[in-house]
Amino acid sequence: MRRWNGWGDEATTYHLPESAGDFLESKVGKGPSISDVTFERAVVAVPPARLTPFTRLSLDPADRLYHARGQSLPDWVALRHGRIDAYPDGVAYPTSDEDVRDLFAYAKRSSTRLIPFGGGTSVVGHINPRPIDSPTLTVDLSLLRRLIEFDETSHLATFEAGVCGPDLERQLNERGYTLGHFPQSWELSTLGGWIATRSSGQQSYHYGRIEDLFAGGHTETPVGPIDLPPLPASAAGPDLRHLLLGSEGRYGVITRATVRVQRMPEDEDFHAVFFHDWASGANAVREMAQNGLPVSMLRLSNALETEVTLALSGKDQLVGLADRGLRLFKYDEDRALLIFGVTGDKALTHFAQHEATTIARKHGGFAVGTTIGHLWRKSRFLSPYLRNTLWEQGYALDTVETALPWSKIESTALAIQTSIRDALQSFDERVLVFAHLSHDYADGASIYTTYLWRRSPDPDQTLAQWHAMKDIASRVIIAAGGTISHQHGVGLDHRPYLEAEKGTIGLQMIEAVRNQLDPDRILNPGKLIE
Ligand SMILES: Cc1cc2nc3c(=O)[nH]c(=O)nc-3n(C[C@H](O)[C@H](O)[C@H](O)COP(=O)(O)OP(=O)(O)OC[C@H]3O[C@@H](n4cnc5c(N)ncnc54)[C@H](O)[C@@H]3O)c2cc1C
């Protein structure tokens, strides 16, 4: 059963070792004990629906509660404190294109707004109804999850767009193939959601981002369907796939997508390297990316993230032993951890590992084998569950991410962290803020910054603290010329910063397409653009 007010399945818990709790307390103070609103009370608070019954439409209050919020920090505050300001009036479960067309007709007749909903894993407010006058209907695509066509000759697979990560991979793996798209939210997020938010998987360095994988598909818009055939390449004018990528439910409902798949790799492994400091690690990673090294992942943590990763692992003995060993070779407090992946046939993975290690050594790297990499692989989809545990122990956690050219990486990463620290200091609180380079390219990288601090018993105070940190970090990113999002999208939370990136004419272009495809403004109000 899925958690209604946190991450993932209720049966799964990430246990925080006692030593990790002590570590956090020493860094930011003891988390207060704050009780959550119960599910029963939250359901009772759902107001009556403003919709009349319709085919495959649920008006059940529990269903409406489950679809009211996503996974952003304001979402968690709203859910845990029982302060949800708007609910969908109903949840529709289409099973065909015709159902989606019927929903558009219904929405037009009854002035209802429609919110396409994949896995609801958005961390920026993409799927939240807003307290507006019109009734709102969430369009949950989870019943559209079949593999429709598998073109093995062309390595193309066509899925219904509501398929979630594990279901999609299972159907491909049974045939000996993989999409290789593994965002950390893979367990619950969907193909349609990945496309609509321009998602990036942990191994996108090897498999490509979703825009590389999305070859074409079928989208229902309020003015009619759009069919994009899968083409290996085309010079026939602007590429319309790029209008759907990042469209955040504003242009239509993607019902089917054809994706480029690969044979399952013969071999895969994850290796760890320590550097004396983050700057030398970043130089090594840049050289690897610019040399086009065939690795599948390059994830470089800064010193504090390295410390936190080791402290939260709960492997105190192993960590203590490693610490003493590393210090002997002068890998001290500033040390930075790189985890790199190798994926492919054995000859390629051996080559990639050898080359990556050689470049790492040139920059002072110390390769420590695969133990840390295996721990990372084992917990790659479990680590989001840590947020539940931390929250329950009185800690809030959020992330901010961007991408910039290499020449700006180090200064911007530092400026983001400093701005977050300063913002929370004005509340007389301490924050643990750390970062890693999560995706690397020849011309730049994405900086993924995590910040963790004590929740306040007053939800408004937690929100004010979050807003102060998020806002200043976003302004630092914009001032540095970075993107407001490398992978999470815009939604509600990043919308104020979008014009600085796209420009006024750019925003007008995005809006003009919306006016063309959705003249009655049925779809996902307020997301991406006002
Ligand atoms: C713990 C955690 C880890 C995460 N890790 C990553 C990561 O590694 N990489 C990454 O890129 N993101 C990550 N995310 C963010 C999130 O998972 C992605 O944005 C994901 O792509 C959203 O997919 P979804 O199916 O849940 O979409 P939803 O959250 O349901 O919707 C997101 C947006 O897409 C629209 N949409 C969804 N389906 C369709 C459709 N079929 N047609 C039209 N519009 C549609 C919605 O209207 C909405 O605007 C993470 C989130 C969490 C909570």
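No lab work stands behind these numbers, since they all come straight from the coordinates. Just so it is clear, the model here is predicted, and its values are computed rather than measured. No Cβ is skipped: glycine too gets one built from the backbone with ideal geometry, and neighbour counts run over all protein chains shown.
Here, the range 106-153 has an Rg and a Dmax of 15.2, 51 Å when only alpha carbons are counted. Fewest neighbouring Cβ atoms within 10 Å first, the residues V319, V44, V285, V163 line up as V44, V319, V163, V285. Just to check, using Stokes-Einstein with a Kirkwood Rh over alpha carbon pairs, what's the diffusion coefficient of the chain at 20 °C and 1.002 mPa s in µm²/s? Diffusion coefficient, whole number: 89 µm²/s.
How big is D for the range 1-141, in µm² s⁻¹ as a whole number, if Stokes-Einstein is applied with the Kirkwood radius of its Cα pairs at 25 °C and 0.890 mPa s? Intermediate values should be presented prior to the final figure.
Values: Rh = 16.7 Å.
Answer from the Stokes-Einstein relation: 147 µm²/s.
Give me S438, S96, S35 sorted ascending by neighbouring Cβ count inside 10 Å, so fewest comes first. Numbers along the way, then the final one.
Details: S438 25, S96 13, S35 9.
With the sparsest Cβ surroundings first, the list reads S35, S96, S438.
Ordered by the number of other Cβ atoms lying within 10 Å of each residue's own Cβ, fewest first, M1, M509 fall into the sequence M1, M509. Here the alpha carbons of the range 267-380 define both size measures, Rg and Dmax, at 13.4, 38 Å.
Distance from the Cα centroid of the range 61-104 to that of the range 257-294 is 37 Å (rounded to whole angstrom).
Rounded, prolate or oblate: which one fits the range 303-461, using the alpha carbon gyration tensor with axes a ≥ b ≥ c (rounded when a/c is under 1.5, else prolate when a/b beats b/c, else oblate)? Present the calculation step by step, with values, prior to reporting the outcome.
Working: a/c = 1.82, a/b = 1.51, b/c = 1.21.
The shape class here is prolate.
The value obtained for the range 133-248, namely the Cα convex hull volume divided by the number of residues, is 135 Å³ per residue. From helices alone, the chain scores -11500 deg cm²/dmol at 222 nm; the rule is -39500 (n - 2.57) for each run of n ≥ 4 DSSP H residues, then divide by the residue total. Across the range 18-140, Cα pairs under 8 Å and at least six residues apart give a relative contact order of 29 percent. Could you tell me how far the Cα centroid of the range 122-142 sits from the Cα centroid of the range 411-482, in Å? Going from one Cα centre to the other spans 27 Å.
In percent, rounded to a whole number, the relative contact order of the chain is 18, using alpha-carbon pairs under 8 Å and six or more apart.
Among the listed pairs K378/K527; K378/K408; K315/K470; K108/K470; K408/K470, those whose Cα-Cα separation exceeds 26 Å are K378/K527; K378/K408; K315/K470; K108/K470.
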